[in-house]
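Working notes, beginning with the structure itself.
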Amino acid sequence: MRKAGLIGVSTQHPDLLEAIAMGVQPEAIRDCAAEAIRKRKSNPLGWAISAARGRHADRDQATPSTGDTDATDRRRPGESLADYAARRNRTHDDADALRA
């Protein structure tokens, strides 16, 4: 997380330890930390831990696809979920601007 830009992060932070204990991968927290910094969150560490925990829980609750096209993974090869969401939001913002 320090490489992502969070300075002074304690490896013994209780929320961080709890997230790792529940199975959240350190890489997921690191990626969320980088995202928090890009989004200029006021509490990037707290946001990163919460986001990584939430995404982990969502992934655990996901059901296998039944062939529904809305459930199809439309990410590009090697594209992270965060990058896919950002690209999708940009596309929708562009479409909204054209309608205005």
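If you take every residue apart from GLY23 with its C-beta less than 12 Å away from the C-beta of GLY23, what net charge results, scoring Lys and Arg +1 and Asp and Glu -1?
Details: positive: ARG53, ARG55, ARG59; negative: GLU18, ASP60.
In short, +1.
Could you please report the charge total around CYS32, scoring K, R as +1 and D, E as -1 over all other residues with beta-carbon less than 11 angstrom from its beta-carbon? Walk me through the numbers on the way to the answer.
Values: positive: ARG30, ARG38, LYS39, LYS41, ARG53, ARG55; negative: GLU27, ASP31, GLU35.
My count for the surroundings of CYS32 gives +3.
Full extension from ARG2 to ARG59: what is 0.36 nm times the residue separation minus their Cα-Cα distance, to one decimal in nm? Present the calculation step by step, with values, prior to reporting the outcome.
Values: separation 57, 0.36 × 57 = 20.52 nm, distance 2.55 nm.
Contour length minus the Cα-Cα distance gives 18.0 nm.
Taking the simple approach of a point 7 Å from Cα along Cα-to-Cβ for both ASN89 and LYS39, what is their distance in nm?
Result: 0.6 nm between the two label points.
No lab work stands behind these numbers, since they all come straight from the coordinates. Since this is a predicted model, take the numbers as computed values, not measurements. Quick reminder, even Gly has a Cβ in these numbers, built from the backbone with ideal geometry, and neighbours come from all protein chains shown.
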